[in-house]
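K.L.:
The structure follows.
What follows draws every value from the coordinates through simple rules; no lab data is involved. Every value quoted in this text rests on a predicted model; they were computed, and no experiment measured them. We place every Cβ from the backbone using ideal geometry, glycine too, and count neighbours over all the protein chains shown.
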Amino acid sequence: MNTATPPTPRSVTATAPGKINVQLSVGARRPDGYHALTTVFLAVALHDTVTATLAATGRTTVTVIGTDAQRVPTDATNLAVRAAQLLREHHGTDAGVALHVTKRIPVAGGMAGGSADAAATLLACNALWNTRATPAQLHALATELGSDVPFALLGHAALGRGRGEILTDLPVTGPLHWVLALAHGELATPAVYAEHDRLHTLRHADAHPSPQPPADPALLAALKTGDATALGAALVNDLQPAALSLHPALAATLHTGRTAGALGSIVSGSGPTCAFLAADAHTAKSVARALATSKAVRRVRTVSGPAPGAHITTR
Ligand code: C5P
């Protein structure tokens, strides 16, 4: 039997997916400022990659390349940097790391790109530093980093409750074919939630938001069987009116995709990326072509879902 400890790697690469919320139902604002959510996450095959390389004691640095890399902060506010520091604090190591992020997920686009970077960093640094955090410990650290980070670890499809971090796996049949329309500009998630609250107060002055909205059984059934027509009809995002209020050009983008043959259209998370579900890969291409001609659209991607959660690719 070989009992020798494997050599410590000098460099570890991990990858994590972006997500679309096929249901995003927003409940009451909680005393901690977060909103109670019922959401159905679907991970899609659009991944960011993080390579973690051993560096001088206690140091964390980050470099970023790829889609809109210039928009990503490289200081201590970078979510990948925060992930490395949190793991270091919790496991009492003073190891250093140089992080190198390759972006494919739109930046500040409502697809949890920063959360994907954090999830990939947790896995990569855990292997690099041999800190041996268990999956449950990684989930706890992910929750501390942000509401969408636990799902980036898990991938595939899941029901999210609480503020989005309490996850239950959901059965899903794929591939589901999506078209993503990246918009000009960004939307800050806290601003979209604040606009949601403002609109809610205006429109339902007397109604109290539900403490925890229900999941839609028709949507869960469509996801399970891979029925794209039924899923397209069931897509719902309570943040969409707020995103449209802050970014009115998105209404035209949603219209363009629908008239080009999408089965359903939705603002992804807090936006401004819009997601369109197509019946098959061929239809996805023609929806993508129609969107590419729109002035309101900055870039178009076709992706499939579900996709696996964060995992190590090389060490
Ligand atoms: O958890 P995360 O850092 O991603 O959240 C960013 C912001 O989005 C929060 O500060 C809050 O303003 C808003 N948010 C919310 N309710 C949630 C998740 C996020 O109000 N369930």
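K.L.:
For the chain, what log10 I(q)/I(0) values come out of the Debye formula at q = 0.07, 0.12, 0.14 1/Å, with one point per alpha carbon and no solvent?
P.N.:
-0.27, -0.78, -1.04
K.L.:
Let me ask something additional. Local charge sum around Leu54 (other residues, Cβ-Cβ under 15 Å, Lys/Arg +1, Asp/Glu -1)?
P.N.:
Combined, the nearby Lys, Arg, Asp and Glu give +3.
K.L.:
Take peptides 268-276, 226-234, 78-86 and line them up by average Cβ neighbours within 10 Å, highest first, as a rough protection proxy.
P.N.:
268-276, 78-86, 226-234
K.L.:
Follow-up question, since we're still on this one. Using a ≥ b ≥ c from the Cα gyration tensor of segment 141-275 (square roots of the eigenvalues), is it rounded, prolate or oblate, where a/c under 1.5 gives rounded and otherwise the larger of a/b and b/c decides, a/b for prolate?
P.N.:
rounded
K.L.:
Next question, about the same structure. Output wanted: per-residue J couplings in Hz (rounded whole) for segment 10-15, from phi through Karplus 6.51 cos²θ - 1.76 cosθ + 1.60, θ = phi - 60°, x for Gly and Pro.
P.N.:
Going residue by residue, I get 8, 8, 9, 10, 10, 10 Hz, with x marking Gly and Pro.
K.L.:
Arg132 to Arg198: extension gain in nm, 0.36 nm per residue of separation minus the Cα-Cα distance?
P.N.:
19.3 nm
K.L.:
Also, quick follow-up: Of the peptides 36-48, 57-69, how do they stack up when ordered by the mean number of other Cβ atoms within 10 Å, highest first?
P.N.:
Packing proxy ranking, top to bottom: 36-48, 57-69.
K.L.:
Now for a separate question. If packing is taken as the average number of other Cβ atoms within 10 Å across a peptide's residues, how do 14-23, 133-142 rank, most packed first?
P.N.:
For the peptides 14-23, 133-142, the packing ranking is 14-23, 133-142.
K.L.:
First select every other residue whose beta carbon is under 13 angstrom from the beta carbon of Gly160; then total the charges, Lys and Arg +1, Asp and Glu -1.
P.N.:
Around Gly160, the surrounding residues sum to 0.
K.L.:
Sort segment 23-122 into rounded, prolate or oblate with this rule: let a ≥ b ≥ c be the square roots of the eigenvalues of the Cα gyration tensor; rounded if a/c is under 1.5, and if a/c is not under 1.5, prolate when a/b is larger than b/c, oblate otherwise.
P.N.:
Since a/c reaches 1.5 but b/c is at least a/b, the shape of segment 23-122 is classed as oblate.
K.L.:
With only Lys, Arg, Asp and Glu charged, each at its Cβ (+1 for the first two, -1 for the last two), find how big the charge dipole of the chain is about the Cα centre; round to the nearest 20 debye.
P.N.:
For the chain, the charge dipole is close to 640 debye.
K.L.:
Let me ask something else. Excluding Gly27 itself, what net charge comes from residues whose Cβ is under 15 Å from its Cβ, given Lys and Arg +1 and Asp and Glu -1?
P.N.:
-1
K.L.:
Hey, what did the chain get for relative contact order, percent, Cα under 8 Å, at least 6 apart?
P.N.:
Reported relative contact order: 26 percent.
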